[in-house]
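Read the structure below first, then the notes.
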Amino acid sequence: MRALIPTLLAASLGLACALGFRGATEVDAEYSLDEIDAVRVNLPDTPISVLGDPEATTLSLEGVWYSVGGSRTVAADNSTIPLLNFALEGRFAELTAIIPTANRDLVDLEVRSLTLPPDRDLEIWTGLGDIEVAQVEGNVSIDVEAGHVTVFGGAEGVAIRTGAGDVEVETSGNTTAATDSGDVVIAQLGAGGNDLVITTGFGSIDVTLRSDANLDLDLKASGDIRVQTRTVSTVTSGAFQRAVGNGNVKVWLSARGGDVTVRLDESL
């Protein structure tokens, strides 16, 4: 055992030295969106912040590739190996990262900002990272394994799935959102005629409505269910269903590990 300990220590120190230097390469990329209606951003683990810019005509990305290596030169070289690829198919485009297999454990991408015209449809796929989308009024679709998701916009519709993370949405579009673990906060904008279908496996749901004129309420919770609008007022638990008016606006909420609250916008 005494002979083995120095050997293990030397191996550990050797590994630490092998990856003891860091490199970084700035990324400043721009892609034409002429005749492109929808963009998918499919990148390795990274936080992503997207802004819809009325002056924009392209998809622009600013970020950094970070890397490690056994020397400053190797670390710097490693950070230059990954590439971004922008592929077109008809009126659809997809932004992906190309990382050689041998370098996948040595590099990380950090996206500082993404901008695009606000009328494009947007999909975001990543593994781990918080996602924020603002002022994109096309359809917004987000799929992330773990990360908080925030959307302000998405008038053409919002669809969100996160394995673990809170969700916050303010939109005039129909919204479908699901998180395995996290709280969900939704605020209707516009006339308030957008459907809301929300599920959380462990967490609470809080919804603010713009209108309570024509609702199809289907609420489930392991905790309390509270509804306070001009047409419906209740405090209960378990499940609550109610149709208001012609019942054509779905408010279907399921919080299997928390509370459900539905209220009317007090500024109305």
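The values are calculated or read from the model by the stated rules, or taken from the named source; none is laboratory data. If you're wondering where the values come from, they're calculated on a predicted model, not measured in any experiment. Cβ placement follows ideal geometry from the backbone for every residue including glycine, while neighbour counts extend to all protein chains displayed. When the accessible area is computed, the model is the full protein with side chains, heavy atoms only, and any ligands, DNA or RNA have been set aside. Shrake-Rupley method; radii C 1.70, N 1.55, O 1.52, S 1.80 Å.
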Tell me the residue from Ala29, Ala24 that is closer than 12 Å to Leu95 by Cβ, within 31 Å of the chain's Cα centre (by Cα) and modelled with pLDDT of 95 or more, please.
Ala29
Scanning region 113-127 for residues that are under 11 Å from Ser60 (Cα atoms) and in a strand (DSSP E or B) gives Ser113, Leu114, Thr115, Leu116
Ala159: among the small types (Gly, Ala, Ser) and closer than 27 Å to Asp216 by Cα, yes or no?
yes
What residue, of Ala93, Ala87, is in a strand (DSSP E or B) and in contact (Cβ under 8 Å) with a residue 40 or more places away in the chain?
Ala93
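When residues of region 232-250 are filtered for being surrounded by 15 or more Cβ atoms within 10 Å (Cβ to Cβ), out of contact with any Lys or Arg (no Cβ under 7 Å at 6 or more places or on another chain) and part of a loop (DSSP other than H, G, I, E, B), how many remain?
0
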One residue from Gly192, Gly257, Gly223, Gly203 being modelled with pLDDT under 95, closer than 30 Å to Leu128 by Cα and in contact with a strand residue (DSSP E or B) (Cβ under 8 Å, 6 or more places away or on another chain):
Gly257
Check region 158-169 and report whether any residue there is surrounded by fewer than 19 Cβ atoms within 10 Å (Cβ to Cβ) and β-branched (Val, Ile, Thr).
no
Gly138 fails exactly one of the following numbered conditions: (1) farther than 22 Å from Asn42 by Cα; (2) part of a loop (DSSP other than H, G, I, E, B); (3) not basic (Lys, Arg). What is the number of that condition?
(1)
Find all pairs meeting these conditions: Cβ atoms under 9 angstrom apart; at least six residues apart or on different chains; first residue within region 184-199 and open to solvent by less than 10 Å² (accessible area, probe 1.4 Å); second residue aromatic (Phe, Trp, Tyr) and at pLDDT 95 or above.
Leu196/Trp252; Ile198/Trp252
Within region 20-52, can you find the residues that are among the acidic types (Asp, Glu), touching a residue at least 24 places away in the same chain (Cβ under 8 Å) and either exposed (fewer than 15 other Cβ atoms within 10 Å of the Cβ) or assigned to a strand (DSSP E or B) (or both)?
Glu26, Asp28, Glu30, Glu35, Asp37
Residue in region 40-62 that is modelled with pLDDT of 95 or more, more than 18 Å from Leu114 (Cα to Cα) and of a type outside the set (S, T, N, Q) present
no
Subset of region 200-212 [closer than 17 Å to Val149 by Cα and open to solvent by 50 Å² or more (accessible area, probe 1.4 Å)]
Phe202
Considering region 119-135 alone, what residues qualify as being among the hydrophobic types (A, V, I, L, M, F, W, C), open to solvent by less than 40 Å² (accessible area, probe 1.4 Å) and in contact with a Leu (Cβ under 9 Å, 6 or more places away or on another chain)?
Leu122, Ile124, Val133, Ala134
